[in-house]
Amino acid sequence: MYSKEQASQLKQAFWTAFGQYIAPHLSAEGLRTNWVNYKTGIKNLHFKMQADKKSASIAIEMSHPDPGIQELMFEQFLEFKNLLNASLNEEWEWQLHEQDENYKTLSRIVKTLPGVSIYKQEDWPELISFFKPRIIALDDFWSDAKDSFDTFK
């Protein structure tokens, strides 16, 4: 078991290593990108990568405080489902109005990798292999679709 500080240091070390590993890869538009803290340019719309002691996940997360706006964003993504699936080359789980661990209502499109731990350095290659192609695919999708989300800016 790790102390809170050790756990925090391991998480930070992983995200730093991942950021350094993926940094040379340019965005779909040929720009340098902060892949770990990806900016969509739309308030309350995030591409999130998370990992803990049991699993890892990558998600398109809609966190607008108004559930109606969240649903409109979700429906807009549904319009692009074929393009998204083609970019990702796989199906993700679609969740409308779920509650997170803080009881905040979110909608997300998510892919989870069970059975890995950010606290085990031997799992890091698997985590990187999970996150890297998916965040790059999300960026590729977003370069084509983002203009259709301008109403949510």
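The values are calculated or read from the model by the stated rules, or taken from the named source; none is laboratory data. It should be emphasised that the depicted structure is a prediction, and the values quoted were computed from it without experimental measurement. Cβ: placed from backbone, ideal geometry, glycine included. Neighbour counts: every protein chain shown.
General remarks:
- Test result for residue 16, at pLDDT 95 or above and touching a strand residue (DSSP E or B) at 6+ places or on another chain (Cβ under 9 Å): no
- Qualifying residue in the stretch 53-61 (condition: among the β-branched types (Val, Ile, Thr), touching a strand residue (DSSP E or B) at 6+ places or on another chain (Cβ under 6 Å), more than 24 Å from residue 33 (Cβ to Cβ) and surrounded by 14 or more Cβ atoms within 10 Å (Cβ to Cβ)): no
- Unmet requirement for residue 87, which otherwise passes all of (1) at pLDDT 95 or above; (2) within 12 Å of the chain's Cα centre (by Cα): (2)
- Test: residue 69 is assigned to a loop (DSSP other than H, G, I, E, B) and either hydroxyl-bearing (Ser, Thr, Tyr) or touching a Phe, Trp or Tyr at 6+ places or on another chain (Cβ under 8 Å) (or both): no
- Annotation note: Cβ proximity below 7 Å between a residue of the stretch 130-149 that is free of Cβ contacts under 8 Å to residues at least 60 places away in the same chain and under 26 Å from residue 14 (Cα atoms) and a residue that is part of a helix (DSSP H, G or I) and among the hydroxyl-bearing types (Ser, Thr, Tyr) (sequence gap 6+ or interchain) occurs for 137/87.
- On inspection, residue 107 qualifies as small (Gly, Ala, Ser), over 26 Å from residue 22 (Cβ atoms) and at pLDDT 95 or above.
- Within the stretch 102-120, the set of residues being more than 11 Å from the chain's Cα centre (by Cα) and touching a residue at least 12 places away in the same chain (Cβ under 8 Å) comprises 104, 105, 106, 107, 113, 114, 115, 116, 117, 118, 119.
- The residue that is nearest to residue 55 (Cα to Cα), among those in the stretch 101-148 that are among the charged types (D, E, K, R) and part of a loop (DSSP other than H, G, I, E, B), is 120.
- The single condition among (1) closer than 25 Å to residue 25 by Cα; (2) surrounded by fewer than 12 Cβ atoms within 10 Å (Cβ to Cβ) that residue 138 does not meet is (2).
- Hey, residue 77 in a helix (DSSP H, G or I) and either touching a residue at least 40 places away in the same chain (Cβ under 8 Å) or surrounded by 14 or more Cβ atoms within 10 Å (Cβ to Cβ) (or both) or not: yes
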